[in-house]
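Participant: Let me begin by handing over the structure; questions about it come next.
What follows draws every value from the coordinates through simple rules; no lab data is involved. Computed from a prediction, not measured in an experiment: that's the story for all the values here. Heads up, the Cβs are rebuilt from the backbone with ideal geometry, glycines too, and the neighbour counts pull from every protein chain shown.
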């Protein structure tokens, strides 16, 4: 395909195959793969093609994404995501017709179809910034299915953090109303995402966030305040550290100000601050009074007496009399059945909390198109090290965000610096080595984008692409890789760099396969 005319003719040919549901499903999958191959290389006619895309492919993609066979549905979602990434906002007409269907897919009981729909929605929202898309997403915020409501607020979170501020300001009323509804959602996961959306609104549009905050009920306000106060890395660590016994602590009244200095600086959290003045689960015992003939006695200043702790009699000689004030160690009340105290806060749990915050900061830096190049490079190096060293524990929560931000960094046309693309490819290589099972549904997209990176003029980018390709070929499903690489090698229109990359990846793949499988595939 070398011209717009050829591109349109080929799309029409594949669309006819897709629209006929009586065709064999394998034939339709090949048609979808062919569509992706058509726009893999920029032939300078994307803009006029995107204007005609809805008429050419709209019906075909709608029929395919509704297909009951999960493989056809998955391939269609992948194709739509690829088109969105390549064509951008100009592909909005097709996306407008597709997104109600892909949103509905997220509640599908088949995990393959649900995850495909979710990934497609994310690609559409990240790459197509159009009012029609925003309106459709907002309309689903009150859907009866919790999966769709959850997906909608997640997309709203992306809109607030990544879309053009002018467009967001224009629809600020709809967005804030959606967040308000989601904060009261019956689904706990939707509420968590809604709080994240509010934080994004507060960070990017503080005035709008303040107006929304004032409209909320007091209970919701307290919830947001408490989340804000625990957002820093030190807060959660200090709150657990306060529960541990410490023999060097003085009386409560002597450490009011010191204790408060460790707490959140939020001037709204007065109730929380007062509640935390006395560290929980700890009862402090002062020196027992000396024996006296006086009829009166001094009552020890215990704020919260516990039935589990017996106060020593002032007339009974104990070790406390001998050792003096320094021997009074606070006694924790959370005692196990075997009489031992629970394990203290470990360095591993503290490191996990710190790494979660690091990842969020890295994603924010890589998402900002105007960020300094040095900051982007440092963030990519940090992300690569976190993945390589196995320091990320919550993969279920952060995997998709990490994958998509790395892909976006590799493919973004403004990332001209070779070090940035090379750094992103190195991070993707480590992701392949560390989490191959999570990449099973993304093998084709990942492989094609890696081959495209071989066309770069920068030697360090090509080297990083080759290393990433080797990781893909050895860690991801061999059958899928063989089919894709064979198609690229057999394609007469493939460029030299792509052929070179595909051949090297195929060599790496063959070297890792057992002899029987090599013979079976007739390499």
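Participant: What number does segment 1-116 give for Rg over Rh if you use C-alpha atoms and the Kirkwood radius? All intermediate terms of the calculation are to be shown ahead of the outcome.
Facilitator: Details: Rg = 13.5 Å, Rh = 14.2 Å.
Ratio of gyration radius to Kirkwood radius: 0.95.
Participant: How do 398-408, 154-164 rank on mean C-beta neighbours within 10 Å, highest first? Could the numbers behind the result be given before it?
Facilitator: Numbers: 398-408: 19.4, 154-164: 21.6.
Packing order, densest peptide first, comes out as 154-164, 398-408.
Participant: Expected output is a single nm value to one decimal: the length gained when fully extending between residue 26 and residue 13, i.e. 0.36 nm times separation in residues minus the C-alpha distance. What is it? The partial results should precede the final answer.
Facilitator: Values: separation 13, 0.36 × 13 = 4.68 nm, distance 1.60 nm.
Full extension of this stretch gives 3.1 nm more.
Participant: Could the peptides 132-140, 362-370 be put in order, highest first, of the mean number of other beta-carbon atoms found within 10 Å of their residues? Please list the in-between numbers first.
Facilitator: Working: 132-140: 18.8, 362-370: 16.0.
Per-residue mean Cβ counts within 10 Å order the peptides as 132-140, 362-370.
Participant: Moving on to the next point. For all pairs of alpha-carbon atoms in segment 70-210, what percent lies in each bin of width 5 Å, listed from the first bin to the last filled one?
Facilitator: 2, 11, 22, 22, 21, 13, 7, 2, 0, 0
Participant: At R0 = 56 Å, how high is the FRET efficiency between residue 486 and residue 214 if r is their beta carbon distance? Nearest 0.05 is fine.
Facilitator: Result of the calculation: an efficiency of 0.35.
Participant: Please report, for the Cα atoms of segment 349-521, the Rg to one decimal and the Dmax as a whole number; what are they, in angstrom?
Facilitator: Answer for segment 349-521, Rg first and Dmax second: 16.5, 55 Å.
Participant: At residue 357 and residue 493, where each label point lies 7 Å from the Cα along Cα→Cβ, what is the point-to-point distance in nanometres?
Facilitator: 5.1 nm
Participant: If you average 1/r over all unlike Cα pairs in segment 152-229 and invert the result, what Kirkwood radius do you get in angstrom? Write out the running numbers ahead of the final one.
Facilitator: Details: mean 1/r = 0.0815 Å⁻¹.
Mean inverse Cα-Cα distance, inverted, gives 12.3 Å.
Participant: Based on the Cβ-Cβ distance from residue 203 to residue 459, what FRET efficiency comes out when R0 is 30 Å, to the nearest 0.05?
Facilitator: Calculated value: 0.20.
Participant: Stretch residue 144-residue 371 to full length: gain in nm at 0.36 nm per residue minus the Cα-Cα span?
Facilitator: Values: separation 227, 0.36 × 227 = 81.72 nm, distance 3.99 nm.
Between residue 144 and residue 371, full extension yields an extra 77.7 nm.
Participant: Using the basic label-point model (7 angstrom from Cα toward the beta carbon), what is the residue 66 to residue 393 distance in nanometres?
Facilitator: 4.7 nm
Participant: Given the Cα atoms of segment 355-449, and with Rh set as the inverse mean 1/r over their pairs in the Kirkwood sense, what is Rg to Rh to two decimals? Spell out each step's value before the answer.
Facilitator: Numbers: Rg = 12.3 Å, Rh = 13.3 Å.
My calculation of the ratio gives 0.93.
Participant: On full extension of the chain, what length is gained from residue 187 through residue 511, given 0.36 nm per residue of separation minus the C-alpha to C-alpha distance?
Facilitator: On the way: separation 324, 0.36 × 324 = 116.64 nm, distance 4.89 nm.
Result for the pair: 111.7 nm of gain on full extension.
Participant: Sort 113, 428 so the one with the fewest other Cβ atoms within 10 Å of its own Cβ comes first.
Facilitator: On the way: 113 24, 428 29.
Placing the least packed residue first, the sequence is 113, 428.
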